[in-house]
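*Asks:* Quick one: this structure, given as structure tokens, is what I'll be asking you about.
Quick note: the coordinates plus some simple rules give every number you see, no bench work behind them. Note that the structure is predicted; figures quoted are calculated from it, not measured. Backbone-built Cβ (ideal geometry, glycine too); neighbour counts: all protein chains shown.
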Amino acid sequence: MASPEVSVIVVNWDRRELLRDCLRSLARQHGVGFEVILVDNGSRDGSVEMAEAEFGRTGLFPLHIVRNARNVGFCRANNQGIAASRSEFVALLNNDAEAAPGWLAALRRAFDYGADVGMAACKILLKREPERIDKVGHLIYLDGQNRGRGTGELDRGQYQRVEEVLWPDGCAAMYRRRMLEEIGGFDEDFFAYGDDAELGLRARLAGWRCLYIPDAVVWHHRGATLGLTSARRLMLIERNRVLLAVKLFPWSLLALNPLYFAARLAAGAWAALHGRGEIARHRGIAGKFRAAGALLAGDLAALPLIPRMLLKRHKLRRVRRLNDAQLKRLILQHRIRLSELTERAA
């Protein structure tokens with residue numbers, strides 16, 4: 001039997017009801033042949049049994065299940081799904097996301113714009129506030145912290161055109177298999193958070209482009225995995241920011257990383273004092289101290305991994321197409337303003 005054109009990978013960990021809605025949204029897709037590869041990270045809530053009973057035996061779409069005995073992280077689970085697939089295009093959809101019926105076909109059309117298009121980003125809206133944008137592609141700050149483009153804005157049609165963006169959000173995205181075979185999949189040292197940024201920037205370094213497709217719409221339950229104020233989430237985001245910069249940033253930006261980081265911390269603290277920004281979500285003095293401790297823990301956790309990142313940086317020479325000056329221009333072109341990063345919660 002011929003492989004379907006697209007493989008959709010859904011990583012799940014103890015979110016049975018959200019997973020059901022996610023798979024239902026996939027059952028409504030049309031216009032492109034696809035399979036679903038569910039990678040379960042050791043769920044104990046009956047997620048796999050529900051998927052098998054309600055979707056695996058109905059013929060709505062081919063469903064393949066990869067079972068892990070424990071939570072191996074978002075990165076390894078997606079790599080398992082990629083390895084289990086054979087399609088020309090690989091799509092990701094979070095288990096806490098629901099896709100509009102034409103989502104998959106619209107993303108697939110992105111790759112008709114050129115052989116150098118390796119990634120496709122979609123319009124991700126908030127499930128609880130569907131008129132508000134979660135992400136429409138990504139931006140990056142000069143210390144390696146990334147943020148969704150358009151995050152928090154009302155969707156008034158301001159992002160209603162096909163255009164190049166830096167990379168897609170891993171919540172809902174599509175990748176060309178040939179690109180993944182060339183540059184490799186997700187970096188499993190990242191475990192979760194910031195992994196899509198690392199993969200996307202690595203792909204850009206290798207000369208691949210990313211297009212944003214506004215007709216590919218997804219609704220996302222933000223923070224459903226660990227929670228928006230989770231200390232572990234904050235620690236992983238901070239740790240992986242450092243790892244991304246060490247692995248991929250041009251040396252001229254990497255040398256100034258501590259200064260940009262200090263500027264972000266100062267601006268973030270000022271915003272939090274006035275009840276704005278990401279840290280303002282952490283209630284009270286105790287909450288803000290916990291957030292600061294998570295940031296410090298992230299930086300400390302990054303230190304022993306820096307030699308590994310430097311070795312990986314060296315190995316990337318075999319696929320690299322952009323020099324440091326070109327990469328720096330790309331980052332500056334898609335940078336986020338410090339005020340926008342620190343004043344507005346993600």
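*Asks:* Suppose every K and R has +1 on its Cβ and every D and E has -1 on its Cβ; what is the size of the dipole of the chain about the Cα centre, in Debye to the nearest 20? Could you put the intermediate results ahead of the total?
*Replies:* On the way: 53 positive and 39 negative charges, 188 e Å.
Here the size comes out at about 900 debye.
*Asks:* Beyond 28 Å, what share of the Cα-Cα pairs of the stretch 189-340 is found? Please give it as a whole percent. Don't jump to the answer; show the numbers that get you there.
*Replies:* Working: 3068 of 11476 pairs.
Tail of P(r) above 28 Å: 27 percent of Cα pairs.
*Asks:* Taking the Cα centre of the stretch 1-95 as origin, sum charge times position over the Cβ atoms of Lys and Arg (+1) and Asp and Glu (-1), and report the length of that vector in debye to the nearest 20. Write out the running numbers ahead of the final one.
*Replies:* Values: 11 positive and 11 negative charges, 32 e Å.
Approximately 160 debye in magnitude.
*Asks:* Something else: Using +1 on the beta carbon of Lys and Arg, -1 on that of Asp and Glu, and nothing else charged, what's the dipole of the stretch 282-346 about the Cα centre, debye to 20? Write down the numbers at each step before the final one.
*Replies:* Details: 16 positive and 4 negative charges, 96 e Å.
Dipole of the stretch 282-346, to the nearest 20 debye: 460 debye.
*Asks:* Turning to a different aspect of this structure: Would you calculate, for the chain, the mean residue ellipticity at 222 nm contributed by helices, counting each DSSP H stretch of 4 or more residues as -39,500 (n - 2.57) and dividing by all residues, to the nearest 500? Working shown, then result.
*Replies:* Values: 13 runs with 139 residues, N = 346.
Theoretical 222 nm ellipticity from helices: -12000 deg cm²/dmol.
*Asks:* Something else now. Need the C-alpha centroid separation for the stretch 317-346 versus the stretch 134-175, integer Å.
*Replies:* One Cα centre to the other: 13 Å.
*Asks:* Label point 7 Å out from Glu129 along Cα-to-Cβ: which residues of the stretch 319-346 have amide N under 13 Å?
*Replies:* What the label zone holds, given the 13 Å backbone N cut-off, is 344-346.
*Asks:* Roughly speaking, what is the centre-to-centre gap between the stretch 69-123 and the stretch 1-53 when only Cα atoms are used, to the nearest Å?
*Replies:* So the two Cα centres are separated by 12 Å.
*Asks:* Between Trp251 and Arg16, with labels modelled 7 Å along Cα→Cβ, what's the label distance in nm to one decimal, could you check?
*Replies:* 5.6
*Asks:* Which helices count as membrane-span-like in the chain under these terms: full DSSP H, at least 18 Å along the axis by C-alpha, Kyte-Doolittle mean of -1.0 or more? All intermediate terms of the calculation are to be shown ahead of the outcome.
*Replies:* Numbers: long enough: 231-248 (25 Å, 0.47); 257-273 (24 Å, 0.86); 284-302 (28 Å, 0.94).
Qualifying helices: 231-248, 257-273, 284-302.
*Asks:* Among the DSSP beta bridges whose two residues both lie in the chain, what percent are antiparallel, rounded to the nearest 5?
*Replies:* Once the DSSP bridges in the chain are tallied, antiparallel ones form about 40 percent.
*Asks:* Hey, if you put +1 on the Cβ of every Lys and Arg and -1 on every Asp and Glu Cβ in the stretch 1-95, which of Val11, Ser87, Cys22 ends up farthest toward the positive end of that dipole?
*Replies:* Val11
*Asks:* Suppose each label sits 7 Å from its Cα in the direction of the beta carbon; what would the Ala53-His274 distance come out to in nanometres?
*Replies:* So the label points at Ala53 and His274 sit 5.4 nm apart.
*Asks:* Expressed as a fraction of 2.2 N^0.38 Å, the rule-of-thumb size for a compact globular protein of N residues, what is the C-alpha radius of gyration of the chain?
*Replies:* 0.95
*Asks:* Compare Gly184, Gly33, Gly59 in a GNM of the chain, Cα atoms joined below 10 Å, and give the one with the largest fluctuation.
*Replies:* Of Gly184, Gly33, Gly59, the Gaussian network model singles out Gly59 as fluctuating most.
*Asks:* For a Förster distance of 30 Å, can you work out the FRET efficiency between the beta-carbons of Gln326 and Glu181, rounded to the nearest 0.05? Intermediate results must be reported in sequence, preceding the final value.
*Replies:* Details: r = 23 Å, r/R0 = 0.78.
Plugging the Cβ-Cβ distance into 1/(1 + (r/R0)^6) gives 0.80.
*Asks:* Toward the positive end of the charge dipole of the stretch 248-331, about the Cα centre and with charges on Cβ (Lys, Arg +1; Asp, Glu -1), which of Ala294, Val319, Ser252 goes farthest?
*Replies:* Result: Val319.
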